[in-house]
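Taking it in order: structure first as C-alpha cells, then the write-up.
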Amino acid sequence: MGKRGAKPGNKNAAHGKPWTDALRRALAQYENETLGIKRGQALDRIAENVVKLACVQPDRDVIRELGDRLEGKPKQAIDLDAKVAVVPEVALTLSSMVEK
C-alpha cells in the first residue's frame, strides 16, 4: 500500500483551520461567573454535559460520537464482487513474456 498524505509541495496545511482556531480561542477565553465556569474550563464543562446527556437521555448519535472519539471510527466494510475478463491479445502477450 502506498504512502498516505499530500503530495510534496502541497501547502494546504499552511492555510490552517480558521474555524478550529476560533473555537479553541473561544473555549480558552470563555468564562461565566454565574455558572461557575472559569477561563479554560469551558471544554471540560461541555464534555461533562455530553456525558450527562448520554446517561440521562440515551441518544444513538451522542453514544456513537462518544464511541468514535474514544475508540476511533470503525473501518468501513466494502463488498467487492468483480468479474475478470481475459482479453486474448493480453493473455498471448503475458504468456510470451513468461516463456522468455
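The values are calculated or read from the model by the stated rules, or taken from the named source; none is laboratory data. Model, not experiment: these values are computed from the prediction. For neighbour counting, all protein chains shown are included, and Cβ atoms are generated from backbone atoms with ideal geometry for every residue, glycine included.
What the table shows:
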quantity	calculated
Residue match in the stretch 5-21 (condition: hydrophobic (A, V, I, L, M, F, W, C), modelled with pLDDT under 85 and part of a helix (DSSP H, G or I))	yes
Answer residue from the stretch 55-70, given it is exposed (fewer than 10 other Cβ atoms within 10 Å of the Cβ) and part of a loop (DSSP other than H, G, I, E, B) and is farthest from the chain's Cα centre (by Cα) among those	Gln57
Matching option when the condition is touching a Gly at 6+ places or on another chain (Cβ under 9 Å) and either loosely packed, with under 11 Cβ neighbours inside 10 Å or assigned to a loop (DSSP other than H, G, I, E, B) (or both), among Lys73, Lys52, Lys83	Lys73
Qualifying residue in the stretch 52-60 (condition: touching a strand residue (DSSP E or B) at 6+ places or on another chain (Cβ under 9 Å) and not small (Gly, Ala, Ser))	no
Condition check for Val50: at pLDDT below 90 and within 29 Å of Ala28 (Cα to Cα)	yes
